[in-house]
1. Test of understanding: what is the full-extension gain from residue 165 to residue 206, defined as 0.36 nm times their sequence separation minus their Cα-Cα distance?
2. Computed from the mean reciprocal separation of all distinct C-alpha pairs, what Kirkwood hydrodynamic radius does the range 27-116 have, in Å?
3. Given labels modelled 7 Å from the Cα in the Cβ direction, how far is it in nm from residue 55 to residue 126?
4. Taking just the alpha carbons, could you work out the radius of gyration and Dmax for the range 1-72, both in angstroms?
5. Provide, as a two-decimal number, the C-alpha radius of gyration of the range 230-287 over 2.2 N^0.38 Å, N being how many residues it has.
6. With each run of n ≥ 4 DSSP H residues scored as -39500 (n - 2.57), what mean residue ellipticity at 222 nm is computed for the chain after dividing by its residue count and rounding to the nearest 500 deg cm²/dmol?
7. Rounded to the nearest 10 degrees, what's the angle between the helix 118-131 long axis and the longest principal axis of the chain, both from Cα atoms, 0 to 90?
8. Among 259, 206, which comes first, second and so on when ranked by fewest other beta-carbon atoms within 10 Å?
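What follows is calculated from the coordinates using simple rules that are stated; it is not laboratory data. Predicted, not measured: the structure shown is a model, and the values here were computed from it. Here the Cβ is made from the backbone with ideal geometry for all residues, glycine too, and neighbour counts use every protein chain on show.
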Amino acid sequence: MTTYAVTGATGGFGGAAVSALIARGVTPGDIVAIVRDAEKAAALRAAGVQVRVADYRDVSALAQALAGVDRLLLVSGNEFGQRVSQHTNVVEAGQKAGVGLIAYTSILRADSSPLALATEHIATEKVLADSGIGVVLLRNGWYAENYLASAPTAIEGGVFYGSARDGQVAPAARADYADAAAAALISGQRGEVFELVGSQHLSYADIAATFADVSGNPVRYQDLPESDYAAALTQAGIPAAFAGVLADSDAGVAVGALDSDSSDLVGLLGRPATTFAEVIRTGLAGA
């Protein structure tokens with residue numbers, strides 16, 4: 001019997017990964033959901049999943065939460081600037097608990113990516129490589145859902161703003177990335193690296209056209225210089241530091257940093273990837 005654990009299990013990605021493990025045949029009792037807030041994990045507990053409380057900052061609690069775990073899905077944290085130390089804590093706890101394999105959600109082509117977002121992932125990959133634990137790298141591309149926040153404003157105003165020039169992105173649904181992570185956690189082998197992207201290669205003009213098709217309203221793409229786009233995001237209420245990261249990511253799209261011909265995602269899924277239009281349509285319907 002293999003015991004699987006998922007960090008951040010009440011989050012969108014972690015929760016989807018737990019559901020995917022169950023859908024792929026793992027007995028709920030063989031899954032450990034590691035969460036910060038037990039109250040938010042009531043549905044997981046009701047489904048028969050083991051719920052254990054631990055924070056990325058607490059190595060001792062993490063080691064207790066990982067006791068008896070064979071394979072761990074380490075879902076990258078969302079506190080930018082803190083993630084390397086937090087991930088290191090999880091790895092050290094995994095060492096203490098005797099975890100045999102860690103699958104980590106990194107970023108597409110982390111070792112060569114120009115994105116500011118890649119810095120902490122590169123550092124985490126090194127921590128994992130030096131740990132002696134078996135490692136599977138899940139290098140995720142851009143989430144299709146990342147564009148949902150922009151969709152209503154773009155549809156209402158008729159303009160989708162960005163700084164990607166005519167570059168292309170190959171986004172995939174969060175649920176697809178989570179399902180692929182579950183598949184890799186079950187069958188992945190030490191040293192495997194999966195470069196994960198969707199099957200569509202979209203320019204920002206294509207994304208604007210998708211907004212138009214889904215809504216029935218005309219939408220065009222307006223490209224801005226990176227600094228102007230960051231300023232526009234800040235003016236819209238996004239914290240300056242994060243606005244800079246988002247603008248930097250768009251600049252990465254311009255040079256192909258979030259595009260790839262890899263078929264690893266579909267290979268792990270064993271089915272076609274969800275289309276971008278489907279993600280946008282479903283997301284807007286649920287807004």
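1. 13.6 nm
2. 14.0
3. 2.8
4. Every Cα atom of the range 1-72 included, Rg and Dmax give 11.0, 32 Å.
5. Dividing the Cα Rg of the range 230-287 by 2.2 N^0.38 Å gives 1.52.
6. -13000 deg cm²/dmol
7. Relative to the chain, helix 118-131 is tipped by roughly 20 degrees.
8. 206, 259
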